[in-house]
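Engineer: Here it is, the structure, as structure tokens.
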Amino acid sequence: MNIIERNGVSPVHQDTLRLAEIASKYDKKKVLDMGTGTGYIAVYLARTGAMVDATDINEDALSCARENARINNVSINLFYSNLFEKISGEYDLIIFNPPIGGLEPKWQTGIKALIRKSIFKNIVSKIISRISQQKRIPFIKKFINESRSHLSPGGVLLMHVQSIDIPLLSKYKNTVIEKVFDHSSIIEIR
């Protein structure tokens, strides 16, 4: 698969690769890739024969995903939507790799970049992650609650989340499918 990346669009990392591979194992025909970014997951699943709708709130991301679909000769329905704002259908599979870092203020992002170079990075990263959790958890819960009305009977929601958030999402009966990094996992919610 050939994927281009652009400035201002989240690049493809291990979490994206694993989400696509795991999603392809589900026998689901109608898929929603929320926050598609480069379109990697949408393109990957379209290549398996799935009918894919892919959304983003970043016009540069939609343009990048459109180009990646063209390069890979697949058809994807791409459109702008702020979460479920413009979603009307039901899906067998909804995939979301939320912008974990994108929910924090710019000053916090700058501090995290400095900390990554520090010998105290693990301790300070955990503290900052707990602080940013105050915004992240309501955002993720809102997404999960809204996704319920867009999942077909037997539908599945796959998400990449920070591992420290999983206990706070226990009311949604999630299952950890795979630990991707030391700090994050892919979960399934049915």
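The values are calculated or read from the model by the stated rules, or taken from the named source; none is laboratory data. Just so it is clear, the structure is predicted and the values come from calculations on it, not from any experiment. Methodologically, a virtual Cβ is constructed for each residue, glycine included, from the backbone with ideal geometry; neighbour enumeration extends over all protein chains shown. Ligands, DNA and RNA are excluded from the accessible area calculation, which covers all protein heavy atoms including side chains. Shrake-Rupley method; radii C 1.70, N 1.55, O 1.52, S 1.80 Å.
Engineer: Can you find a residue that is among the charged types (D, E, K, R), modelled with pLDDT of 95 or more and on the phi < 0 side of the Ramachandran plot anywhere in the stretch 91-103?
Structural biologist: Yes, the conditions are met somewhere in the stretch 91-103.
Engineer: I've got another one for you. Kindly indicate the residue of the stretch 74-100 that is free of Cβ contacts under 8 Å to residues at least 40 places away in the same chain and open to solvent by 60 Å² or more (accessible area, probe 1.4 Å) and also nearest to MET159 (Cα to Cα) among those meeting that condition.
Structural biologist: Of everything passing the filter in the stretch 74-100, ASN82 is nearest to MET159 (Cα to Cα).
Engineer: May I ask you to list the residues in the stretch 147-175 that are within 15 Å of the chain's Cα centre (by Cα) and under 22 Å from ASP92 (Cβ atoms)?
Structural biologist: Once the filter is applied, which keeps residues that are within 15 Å of the chain's Cα centre (by Cα) and under 22 Å from ASP92 (Cβ atoms), the stretch 147-175 yields SER147, VAL156, LEU157, LEU158, MET159, HIS160, VAL161.
Engineer: Has the stretch 74-91 got at least one residue that is within 25 Å of LYS141 (Cα to Cα), in contact with a His (Cβ under 8 Å, 6 or more places away or on another chain) and of a type in the set (Phe, Trp, Tyr)? Before you say what the answer is, go through the steps one by one.
Structural biologist: Just the residues of the stretch 74-91 that are within 25 Å of LYS141 (Cα to Cα), to begin with: 78-91.
Right, trim to in contact with a His (Cβ under 8 Å, 6 or more places away or on another chain) and you get 84, 87, 89-91.
Next cut, of a type in the set (Phe, Trp, Tyr) only: 84, 91.
Yes; the residues of the stretch 74-91 include at least one that is within 25 Å of LYS141 (Cα to Cα), in contact with a His (Cβ under 8 Å, 6 or more places away or on another chain) and of a type in the set (Phe, Trp, Tyr).
Engineer: Are there any helices (runs of 4 or more DSSP H) wholly within the stretch 1-73 with 2 or more residues that are over 21 Å from VAL156 (Cβ atoms) and either at pLDDT 95 or above or open to solvent by 30 Å² or more (accessible area, probe 1.4 Å) (or both), and if so which?
Structural biologist: On the way: elements: 14-24, 40-46, 59-71.
Hits in the stretch 1-73: 59-71.
Engineer: Still on this structure, I have one more. Please specify each residue of the stretch 166-190 satisfying the condition of being open to solvent by less than 20 Å² (accessible area, probe 1.4 Å) and in contact with a Ser or Thr (Cβ under 9 Å, 6 or more places away or on another chain). Step through it out loud before you land on a result.
Structural biologist: From the stretch 166-190, those open to solvent by less than 20 Å² (accessible area, probe 1.4 Å) are 169, 172, 184-187, 189; that's our starting set.
Of everything in the stretch 166-190, those that are open to solvent by less than 20 Å² (accessible area, probe 1.4 Å) and in contact with a Ser or Thr (Cβ under 9 Å, 6 or more places away or on another chain) turn out to be SER184, SER185, ILE187, ILE189.
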